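Undergrad: Please read through the structure below; I'll follow up with questions.
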Amino acid sequence: MTFKHTSRWLLAWLWLTAPTVFAAQTHPAAAAPSGTVYILPIREDIMPPLVYVVRRGVKEAMEANAEALILDMKTDGGRVDVTEEIIEIISKFKGTTATYVNDRAFSAGAFISVATQKIFMAPQSVIGAAAPIMMSPGGAGVEKMPDTVEAKMTSAVRALVRTQAEKNGHNIDVIEAMIDKTKELKMGDEVLNKEGNILTLTDRQAAKEYGNPPKPLLSSGTVESLDALLAQLGYAGARRVEIQPTGAEKFGLWINTIAPLLLIIGIVGFYIEFKTPGFGLPGIVGIIAFAVYFLGGYVAGLSGAGWMIVFVAGLALVLLELLVLPGTIIAGIAGAVLMLVALVMGMVDMYPGAPVLPSLPQLRVPLRDVGLAFTVSFVLALILARYLPRTTLFHHLVSQTASGVTSVAAMQEQLQARLGQTGVAIAPLCPGGKARFGDQPLDVITRGEMVEKGRAVKIIGHSGPNAVVAEVG
């Protein structure tokens, strides 16, 4: 997602929630020159990293107002779940779509080809053999599926591909013969595929015409090259953009797999940082964890730098509340909301031209990951609050990060010097909050009682770096 789309989403959110109603004007990007064609490579196994390449290419084509999207296909197939995701992404593009079978389109490659409006083939290329298979553990080979499992998978795949064939006007009988070995394919008196076989077509077989009026079996024609295909489609002079895999897709897949763990590390790192004086290792670790989290969304083609900027803005507001304007609450709440929205939206798959507010299905996975991370972090925070101050790690963190404090002994001496000091609660203590002692605001906590803002309090002890206070009089 570009920063422009992030901004549009925030404007929509503020329109719904702000107490003061305002109008926001957004202007679509200027249209790219007509005749832009995007070439998207499907030239490896259909596995999760390829989803990122396809998503990035389709979004770039949509943002550029491209007229056509051409899949350059050479694959032995791959996973059905990944294939389904790629088909859904391609369906977002509203211009002309075509597949160029540049050597072979087996199994999942045939499924994806059917998801485009036209299929063209290179000389001596083949398409088909699309029956679902089950890999043995470790991917060492192919195992025979139990009959019930095979029937169930075949039925599911047939439904998926049949929908795409009907949508794009491909011959449904041909597609089903590629998937179901019980399907016989007969055109007139010619048997093209006997029952018990899986249909695979050469370029000439796929382009052969049958029926009255004559219609190609599957392919719209055999062409020598991509350049010849573009000329045949009327895009010989079009601006041609070829999407190239960056090599970062596998790294992005790994990042998104551990996204909940990155969130937990970031949240716990910030929690420890707020509980210790100064700034040090926990804060650095937290920042790195959140940065890597947003990097994963960027590499996956889910979000751009915009949501990281929103997160940083929210963090700045929270720090403003804690360090400059303690007790105002508004800055802290606004900052926390911005941080939460950024964490969720950083993993939402949004497309150019789509509604600025995501649907519930789009939010399902991000909300699951963020909810899991906050739940685990809350439990860890409770454990750390109870046991961390007693550990040598805590004393090491304090000695390394405290501003102006060079040792644990000096820190303890400073804490002891505060005993008996009186101050004023500058925020409601319930039971934690802030109180001012002289010119210095401190994090304080009561023994469980609630203290109203403005009440006099006295330091009677310490719990870790926090002063324990009691209401005076």
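Computed from the coordinates by the stated procedures, all read-outs in this text should not be read as laboratory data. Being a predicted model, the structure only gives us computed values, none of them experimental. A quick note on method: Cβ atoms are made from the backbone with ideal geometry, for glycine too, and the neighbour counts reach across all protein chains shown.
Undergrad: Between Ala159 and Thr246, how many nm apart are label points set 7 Å from Cα along the C-beta direction?
TA: 3.6 nm
Undergrad: What relative contact order, as a whole-number percentage, does the stretch 419-471 give when Cα pairs under 8 Å and 6 or more residues apart are counted? If you can, show how the numbers build up before the last one.
TA: Details: 132 pairs, mean separation 19.2, N = 53.
So the answer I get is 36 percent.
Undergrad: With just the Cα atoms defining each centre, how far is the stretch 165-193 from the stretch 343-372? Give it in Å.
TA: About 39 Å separates the Cα centre of the stretch 165-193 from the one of the stretch 343-372.
Undergrad: If you place +1 on the Cβ of every Lys and Arg, -1 on the Cβ of every Asp and Glu, and leave all else neutral, what size is the dipole of the stretch 419-471 about its Cα centre, to the nearest 20 Debye?
TA: Details: 6 positive and 5 negative charges, 6 e Å.
That gives a dipole near 20 debye.
Undergrad: Please list 46-53, 364-371 highest first by mean number of surrounding beta-carbon atoms within 10 Å per residue.
TA: On the way: 46-53: 21.1, 364-371: 16.0.
Peptide ranking by packing, descending: 46-53, 364-371.
Undergrad: Taking 0.36 nm per residue of separation and subtracting the Cα-Cα distance, what length does fully extending Lys167 through Lys453 add? The partial results should precede the final answer.
TA: On the way: separation 286, 0.36 × 286 = 102.96 nm, distance 6.50 nm.
Contour length minus the Cα-Cα distance gives 96.5 nm.
Undergrad: Now for a different question. Calculate the FRET efficiency for Glu224 and Arg43 from the Cβ-Cβ distance with a Förster distance of 25 Å, rounded to the nearest 0.05. Walk me through the numbers on the way to the answer.
TA: Working: r = 18 Å, r/R0 = 0.72.
Calculated transfer efficiency: 0.90.
Undergrad: Hey, can you grab everything whose amide H is under 5 Å from the amide H of Gly433? Only 5+ residues off in sequence or another chain; H modelled, so Pro and N-termini drop out.
TA: Hits under the 5 Å cutoff: Val444.
Undergrad: Short version: ³J(HN,Hα) in whole Hz for each residue of the stretch 445-461, in order, from phi by Karplus 6.51 cos²θ - 1.76 cosθ + 1.60 (θ = phi - 60°), x for Gly and Pro, what are they?
TA: 8, 8, 7, x, 7, 8, 10, 6, 4, x, 7, 6, 9, 10, 6, 10, x
Undergrad: Calculate, for Val324 and Leu363, the FRET efficiency according to 1/(1 + (r/R0)^6) with r their C-beta to C-beta distance and R0 56 Å; round to the nearest 0.05.
TA: Values: r = 33 Å, r/R0 = 0.60.
E(calc), rounded to 0.05, equals 0.95.
Undergrad: So what is the relative contact order for the stretch 69-132, in percent, with contacts set as C-alpha pairs under 8 Å and at least six apart? All intermediate terms of the calculation are to be shown ahead of the outcome.
TA: Working: 121 pairs, mean separation 25.1, N = 64.
Dividing the mean separation by the residue count of the stretch 69-132 yields 39 percent.
Undergrad: On to the next question. If Lys and Arg each add +1 and Asp and Glu each add -1, what is the summed charge of the other residues whose beta carbon sits under 10 Å from the beta carbon of Leu226?
TA: Details: positive: Arg240; negative: Asp72, Glu224, Asp227, Glu242.
With Lys, Arg at +1 and Asp, Glu at -1, the net is -3.
Undergrad: Sticking with this structure for a sec: Tell me, what HN-Hα J-couplings in whole Hz come from the Karplus equation 6.51 cos²θ - 1.76 cosθ + 1.60 at θ = phi - 60° for each residue of the stretch 423-435, using x for Gly and Pro?
TA: For the stretch 423-435, the Karplus curve yields x, 10, 5, 9, 8, x, 9, 9, x, x, x, 10, 9 Hz.
Undergrad: Here's something else I'd like to know. Within the stretch 50-86, list the residues whose amide N lies under 13 Å from a label point set 7 Å along Cα→Cβ of Leu372.
TA: none
Undergrad: Using a simple spin-label model with points 7 Å from Cα along the Cα→Cβ vector, what separation in nm is obtained for Val424 and Glu471?
TA: It works out to 1.7 nm between the two label points.
Undergrad: First measure r as the distance between the Cβ atoms of Lys92 and Asp189, then evaluate 1/(1 + (r/R0)^6) with R0 = 41 Å and state the FRET efficiency to the nearest 0.05.
TA: Working: r = 42 Å, r/R0 = 1.03.
So the FRET efficiency works out to roughly 0.45.
Undergrad: Same structure, new question: In percent, what relative contact order does the stretch 31-242 have, based on Cα pairs under 8 Å that are 6 or more apart in sequence? Don't jump to the answer; show the numbers that get you there.
TA: Values: 421 pairs, mean separation 41.8, N = 212.
It rounds to 20 percent for the stretch 31-242.
Undergrad: Using C-alpha positions alone, give me the convex hull volume of the stretch 31-242 per residue in cubic angstrom.
TA: Measuring per residue, one finds 115 Å³ for the Cα hull of the stretch 31-242.
Undergrad: Once Lys and Arg get +1 and Asp and Glu get -1 on their Cβ, which of Thr202, Thr222, Ile179 lies farthest toward the positive end of the dipole of the stretch 172-230?
TA: Ile179
Undergrad: In what sequence, highest mean first, do 211-217, 435-441 appear when ranked by Cβ atoms within 10 angstrom? The partial results should precede the final answer.
TA: Working: 211-217: 11.1, 435-441: 15.1.
With the highest mean Cβ count within 10 Å placed first, the list reads 435-441, 211-217.
Undergrad: Here's something else I'd like to know. Can you list the GluC sites (Glu not before Pro) in the stretch 164-265 that are in a DSSP coil and have 11 or fewer other beta carbons within 10 angstrom? Numbers along the way, then the final one.
TA: Values: sites: Glu166, Glu176, Glu184, Glu190, Glu195, Glu209, Glu224, Glu242, Glu249; in loops: Glu184, Glu195, Glu224.
The qualifying sites are Glu224.
Undergrad: Let me ask you something else. Distance in nm between label sites at Ile198 and Asn212, each 7 Å beyond Cα in the beta-carbon direction?
TA: About 3.6 nm, to one decimal.
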